[in-house]
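A.B. asks: My questions all concern the structure below.
The values are calculated or read from the model by the stated rules, or taken from the named source; none is laboratory data. Note that the structure is a prediction, hence the values are computed from the model and not measured. Note: ideal-geometry Cβ built from the backbone for every residue, glycine included; neighbour counts use all protein chains shown.
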Amino acid sequence: MFAKFTGSFHFIPILIVLSAFLAALAPLQARSLGQQGGPPPKRQALPLDPLTLEERKLSEQIAREDSKVRELLENRSQLVSIALLFLKPDGEQVAVPTKPVAIDRHAEVLFRREDEAGVRAVVNLSKRSVVSAERVTSMELPLTPEDISQAAKLALADAELRTALGEELKSYTAAAEAPGARTKQFAITGLRLFSKGEDDPCTKHRCVQLMFRRGRDYLSDTTVWVDLTERHVYVERGKNETH
């Protein structure tokens, strides 16, 4: 009896120590599992990282809500492009900065007004504010995939072009810059068309020259350009035929 009691007496302190150790270890294990199972910490965007979809939406929202931008846009407007803009931080002239310099994220937002003029807004995404806003000419606005698609749709409805394309007409689509368009047998691409002639509508209007690709070749005997401002299609067949 006594021997059994003595053995139990030595075993009880060991159980107490082991229980206390496991109790102290449990919160650490739970915290580790929580960190492994939870979402990873979100990485802060670096100055030259591409704009995310959320940043693009935020850039347009900040620009449209700015009073100066609204004044320049006047009435209805169309979003042309949103691009990352890298601006040098203030105080960069210091050769060896005493502390890290925070670099804000900026975006350039371009709009087109009804009169074809443009508005350029520089948005500070880090501070959610508009740094500057100014009017730009139509010539300074880039051509968008929507512009090419709109021009292609107008051109494919033109009777002269339909005659020139013949049976191949049905192979082309107005979605000129749709995904996979470059690998298709028939595709439509476009370039911005500029002019300096006083009587040329493309001096002031937004014009697109369309190119119709068939495999590796382009439609060479027919030239097509579209005045998107006036929604007019010009087709030149050979040297002497013009529509």
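A.B. asks: Taking Glu160 as meeting all but one of (1) modelled with pLDDT under 90; (2) of a type in the set (Asp, Glu); (3) surrounded by 13 or more Cβ atoms within 10 Å (Cβ to Cβ); (4) part of a helix (DSSP H, G or I), write down the number of the exception.
C.D. replies: In the conditions (1) modelled with pLDDT under 90; (2) of a type in the set (Asp, Glu); (3) surrounded by 13 or more Cβ atoms within 10 Å (Cβ to Cβ); (4) part of a helix (DSSP H, G or I), Glu160 misses (1) alone.
A.B. asks: Let me ask something additional. Quick one: Ala187 ticks every box in (1) more than 30 Å from Arg70 (Cα to Cα); (2) part of a strand (DSSP E or B); (3) at pLDDT 90 or above; (4) touching a helix residue (DSSP H, G or I) at 6+ places or on another chain (Cβ under 8 Å) except a single one, so which number is it?
C.D. replies: (3)
A.B. asks: Of the conditions (1) under 28 Å from the mean Cα position of the chain (by Cα); (2) acidic (Asp, Glu); (3) closer than 17 Å to Tyr234 by Cα, Asp158 clears all except one; give me its number.
C.D. replies: Every condition holds for Asp158 apart from (1).
Let's see how each residue does on (1) at pLDDT 85 or above; (2) under 16 Å from Leu169 (Cβ atoms); (3) exposed (fewer than 12 other Cβ atoms within 10 Å of the Cβ); (4) over 31 Å from the mean Cα position of the chain (by Cα):
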| position | (1), (2), (3), (4) |
| --- | --- |
| Gln209 | yes, no, no, no |
| Phe212 | yes, yes, no, no |
| Arg216 | no, no, yes, no |
| Thr222 | yes, yes, no, yes |
| Thr229 | yes, no, no, no |
| Val233 | yes, yes, no, no |
| Glu241 | no, no, no, yes |
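A.B. asks: What number of residues within the stretch 116-142 satisfy the criterion of being outside any strand (DSSP E or B) and either hydroxyl-bearing (Ser, Thr, Tyr) or over 18 Å from Lys57 (Cα atoms) (or both)?
C.D. replies: Count: 9.
A.B. asks: Look through Val136, Val130 and report the one residue that is surrounded by 15 or more Cβ atoms within 10 Å (Cβ to Cβ), in the same structural domain as Glu114 (by TED's automatic domain parsing) and without any contact (Cβ under 8 Å) to a residue 60 or more places away in the chain.
C.D. replies: The unique qualifying residue is Val136.
A.B. asks: Quick one: Leu73 ticks every box in (1) surrounded by 13 or more Cβ atoms within 10 Å (Cβ to Cβ); (2) closer than 22 Å to Ile103 by Cβ except a single one, so which number is it?
C.D. replies: All conditions are met except number (2).
A.B. asks: Now a separate question. Among the residues of the stretch 173-180, are any surrounded by 14 or more Cβ atoms within 10 Å (Cβ to Cβ) and at pLDDT 90 or above?
C.D. replies: Among the residues of the stretch 173-180, not one is surrounded by 14 or more Cβ atoms within 10 Å (Cβ to Cβ) and at pLDDT 90 or above, which makes the answer no.
A.B. asks: Just the residues that are in a loop (DSSP other than H, G, I, E, B) and free of Cβ contacts under 8 Å to residues at least 24 places away in the same chain, please, taken from the stretch 50-86.
C.D. replies: Thr52
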